[in-house]
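Just so you know, all these numbers are worked out from the coordinates, no wet-lab data involved. Bear in mind that the values here come from a model prediction, so they are computed numbers and not experimental data. Ideal geometry is used to build each Cβ from the backbone, glycine not excepted, and the neighbour counts take in all protein chains shown.
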Amino acid sequence: MNRRKLLSLLGASPALLAGSSLHADQRQSAASSGAKIEALNPKGTPPPITLIPMAPRLKTLDGKTIYLVSDGFPGADHFLNQIAIWFQKHMPSVKTVYRLKAGALPDDDPKLWAEIKANGNAVIMAIGH
Amino acid sequence: MGIPTAPIVTIAFKDLAYSNAAQRGMPHERICFTPHPVWGKSDAQMYAYLEGNDPVTHKPLMPEIISALTKPLTPDEEKSGTVTPPVGPEIFSGSQDELQDYYMNNGMTDFMPVILPTREKVDAMLKGTSHSPDEMIGKMCPAKGSYPEWSYTVRNVAVNAVMAGCDPSYFPVVLAIAASELPSLSSSTNSFATAAIINGPIRDKLNMNYGIGAMGPFAQPNATIGRAWTLLSKNCGSCGQPGQTYMGTFGNTCNYNNLIIPENEKDSPWEPFHVQKGFKPTESVVSVFMGLDIRQGQNGPGLGIKPVPQYQEAFAFNFGTCAPLFGGLVVCDPLVAQGLVELGYKTKEPLLDWVWKNATISVKDAKTTLFGLRMAGPGAANLPDDARIPIFRNASYVNIVVVGGETNPYHMVANMSHRGSVSIDKWT
C-alpha cells in the first residue's frame with residue numbers, strides 16, 4: 001500500500017507529505033500575494049496504532065463451520081440468511097451458524113467470540129449501521 | 001480471536017470501512033462490499049447481490065468472500081508492530097491567502113475564513129487560562145468505541161479558539177467544552193446536533209447574549225465559542241471527515257456553531273440549570289447536550305388558552321415526534337417560565353415530571369417506529385395497542401432552560417440528551 005493511501009486511511013491528509021511549506025508552485029505565487037507568515041497546526045494527537053496480524057486462512061471451506069454474525073443493523077439478519085441459503089445450494093458441506101452480536105453496534109461480545117473460537121472455523125460478519 | 005473473518009459492508013461505507021480497519025491495526029483487512037442498501041431490500045434482491053459483483057472490485061461477490069477466508073496471507077497482512085499516524089508539522093508558512101486555502105483544503109476549517117493562528121495570537125489566547133499549554137485536557141473521537149481517541153492539550157485547543165475568532169477571555173469556556181470530550185460532529189448516519197447551556201457569572205463577564213436573539217448571530221462570544229467547538233472537534237478529535245468519520249446523510253446546519261444557550265438566570269423564576277445539577281449559583285458551568293434537532297413550538301395545543309396558556313401541554317405535544325434515542329430539552333422565554341409559575345409550577349421538577357408523563361406515543365405506533373419498543377421499558381410489550389407510553393425513558397431525560405428577551409412567550413423543543421456539566425471556573 002502506498003504512503004498516500006495509508007495516510008488517508010489513518011485520517012491524515014496526504015498533503016502532509018509536502019512538508020512544512022506549501023508546494024513549490026504555491027511558493028512561487030507567495031512572492032506576489034503577500035508576506036509570508038507562520039501559523040500553527042490545530043491538530044491534536046492520534047493514538048499509536050498497533051498492527052494486528054490477520055488470522056491464518058483456511059485451505060478450504062469444505063466441511064467447515066462458518067459463523068454468520070450480524071452487528072444488528074437493519075436487514076443484516078435477512079442478508080446473512082441469504083448467504084446461508086447460498087452455501088446450502090452451492091457448497092452443502094459448509095455448515096453455517098447465525099448469531100446476533102450482543103449490545104449496541106460497536107460493542108464487543110466476548111462470549112460470542114469464545115463460542116466461535118471453540119466451535120467455528122471462520123466468520124462472515126455483516127457490518128453496518 | 002484468531003479465526004479468519006470476512007467482513008461485509010455496503011458500498012456507501014467503503015471509505016469508512018477501510019479507514020476504520022487501518023486505524024484499528026488492519027490496513028489490509030479483506031473487506032467485501034455489497035451494493036447499498038441492504039436495509040429494506042427483499043430476500044430476492046439480497047440474493048441477487050450475492051450472485052452479482054462486489055461494487056468495488058467488480059468481481060463476483062461470493063467467490064470473493066470465500067477467497068477472503070481461504071487465500072494465503074501476504075507478508076503485509078502478517079505484519080505486527082506500531083505505527084504512529086502523522087499529523088504534519090507544528091508550523092505552516094505562506095501568505096495569508098495561501099494559508100487560508102491550505103487550512104480549508106486540508107479539512108481544518110468549517111469552510112469559512114479563519115483567524116490564522118499565528119504564534120502571537122495563540123500566545124495571547126493562552127493568557128486566558130492559568131493552565132499550562134502542555135496540559136492534556138482530554139480525548140475525543142467521532143463515536144466512542146468505534147474510533148481511536150485523539151488527545152489534545154490546552155495549546156491545541158487554543159489554536160482552534162483563535163481560528164474560531166474567540167477573545168482570550170472566552171478561552172475558559174472553550175476549554176471546559178473541550179474537557180467534556182463531547183464532539184460537536186458525530187459519525188452517525190443521523191446528522192446530530194449539539195448544544196451547550198452556559199450558567200453562572202461568566203455570562204455577564206463575557207457579555208454573552210441571553211436576551212433577544214440569544215441563539216442567533218448577535219454576540220461575539222455566543223458565535224465564536226460554538227464555532228471553536230466544531231473546529232476543535234474536527235482537528236483535535238478527528239471528527240467531521242465525510243465518508244470516514246462523518247456519515248450524516250444530510251449534515252446539520254447547527255454544526256456551524258452549535259446551539260450556545262446562555263441561560264437568562266436574571267429573568268427566570270426558577271433555579272438555573274446548573275444548580276439543578278448540583279452546582280452553586282455562583283459557579284460558572286457549561287452543560288453539553290447531544291441529539292437530533294431543535295424546533296420552534298408554536299403549534300402546540302394549550303397555547304391559545306387564556307388568561308394563562310397551558311404551556312406544558314404544548315411542550316408534551318411538541319415532543320410527540322421525538323425519538324427515544326435521546327431526551328427532551330425545552331428552551332423557553334422567561335415569559336413562558338413566569339406563566340408556568342402562575343399555573344403552579346413553582347419549580348422545574350414537577351413541570352418536567354408532568355411533561356415526561358404526558359409526552360406519549362401509543363404502543364401501536366411505537367411498535368412501528370425505528371426502535372420499536374426497545375427503549376420503552378420491560379412492561380411495554382405486554383400493553384394493549386391503544387395504551388400510551390412515555391416517549392422518554394424517565395423524567396430525568398427531560399430538561400428545561402430559560403433564555404430569550406421577553407418579546408413574546410415562545411418556546412422551542414429539542415430532541416437532545418444532557419451529556420454532562422463541566423466547571424468553567426476550573427479552566428480560568
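Some observations on this one:
- Using R0 = 41 Å, the C-beta based FRET efficiency linking B:Asp76 and B:Thr369 works out to 0.35.
- Between B:Glu342 and B:Lys205, the distance separating the two model label sites (each 7 Å from Cα on the Cα→Cβ line) works out to 3.7 nm.
- Chain lengthening between B:Asn408 and B:Thr282 when straightened (0.36 nm per residue, less Cα-Cα): 42.5 nm
- Sites B:Gln298 and A:Asp62 - FRET efficiency at Förster radius 51 Å, r taken between beta-carbons, to 0.05: 0.15
- For the residue pairs A:Lys101/B:Lys41; B:Lys139/B:Lys266; A:Lys111/B:Lys144; B:Lys59/B:Lys139; B:Lys121/B:Lys144; B:Lys280/B:Lys346, the C-alpha atoms sit more than 29 angstrom apart in B:Lys139/B:Lys266; B:Lys59/B:Lys139; B:Lys121/B:Lys144.
- Cα centroid separation - the range B:23-37 against the range A:72-129, whole Å: 16 Å
- Residue-averaged beta-carbon neighbours from other chains (10 angstrom radius) around B:94-104: 6
- Sorted by Cβ neighbour density within 10 Å, fewest at the top, the residues B:Val331, B:Val422, B:Val275: B:Val275, B:Val422, B:Val331
- Within the shell of other residues whose beta carbon sits under 14 angstrom from the beta carbon of B:Asp385, the net charge comes to +1, with Lys and Arg scored +1 and Asp and Glu -1.
- Kirkwood Rh in Å, taken over all unlike Cα pairs in the range B:108-148: 13.3 Å
- The DSSP beta bridges internal to the protein assembly as shown are antiparallel in roughly 55% of cases.
- 3J(HN,Hα) along the range B:301-315, derived from phi through the Karplus expression 6.51 cos²θ - 1.76 cosθ + 1.60 where θ = phi - 60°, amounts to x, x, 6, x, 6, 10, x, 10, x, 8, 4, 5, 5, 5, 4 Hz, with x in place of Gly and Pro.
- DSSP beta bridges fully contained in chain B are about 70 percent antiparallel.
- Counting every pair of alpha carbons in the range B:8-78, the share spaced more than 14 Å apart comes to 62 percent.
- Whether the range B:34-131 is rounded, prolate or oblate, judged on the alpha carbon gyration tensor where a/c under 1.5 counts as rounded: prolate
- In terms of its C-alpha gyration tensor, the range A:65-126 comes out oblate, because a/c is 1.5 or above while a/b does not outweigh b/c.
- log₁₀ of I(q)/I(0) at q = 0.06, 0.07, 0.09, 0.11 Å⁻¹ - the protein assembly as shown, Debye sum with one point per alpha carbon: -0.37, -0.50, -0.80, -1.08
- Simple label model, 7 Å out from Cα along Cβ direction - A:Thr45 to B:Phe111, nm: 3.3 nm
- Comparing B:Phe92, B:Phe171, B:Phe319 in a Gaussian network model of chain B where C-alpha atoms under 10 Å apart are linked, the largest mean-square fluctuation is found at B:Phe92.
- Range in chain B, longest, excluding exposed GluC sites (Glu not before Pro) [loop by DSSP; at most 13 other beta-carbon atoms within 10 Å]: B:136-428
- For chain B, modelled as a GNM whose springs connect Cα atoms under 10 angstrom apart, the maximal fluctuation among B:Gly94, B:Gly251, B:Gly339 occurs at B:Gly94.
- The Kirkwood hydrodynamic radius of the range B:186-279, based on inverse pair distances between different Cα atoms, is 14.5 Å.
- Distance between the range B:362-422 and the range B:124-182 - C-alpha centres, whole angstrom: 32 Å
- For the range B:169-182, 3J(HN,Hα) computed residue by residue from phi via the Karplus equation (6.51, -1.76, 1.60; θ = phi - 60°) reads 5, 7, 4, x, 5, 5, 5, 5, 5, 4, 5, 5, 6, 8 Hz, glycine and proline entered as x.
- Gaussian network model of chain B, Cα within-10 Å springs - most flexible of B:Pro201, B:Pro37, B:Pro309: B:Pro37
- Pairs of alpha carbons in chain B separated by more than 42 Å make up 25% of all such pairs.
- Backbone phi angles across the range B:261-276, fed through the Karplus curve with coefficients 6.51, -1.76 and 1.60 (θ = phi - 60°), yield HN-Hα couplings of 10, x, 5, 7, 5, 5, 9, 8, x, 9, 6, x, 4, 5, 5, 4 Hz in residue order; Gly and Pro are listed as x.
- Sum of side-chain charges, B:Asp353 neighbourhood, beta-carbon under 14 Å (Lys, Arg +1; Asp, Glu -1): +3
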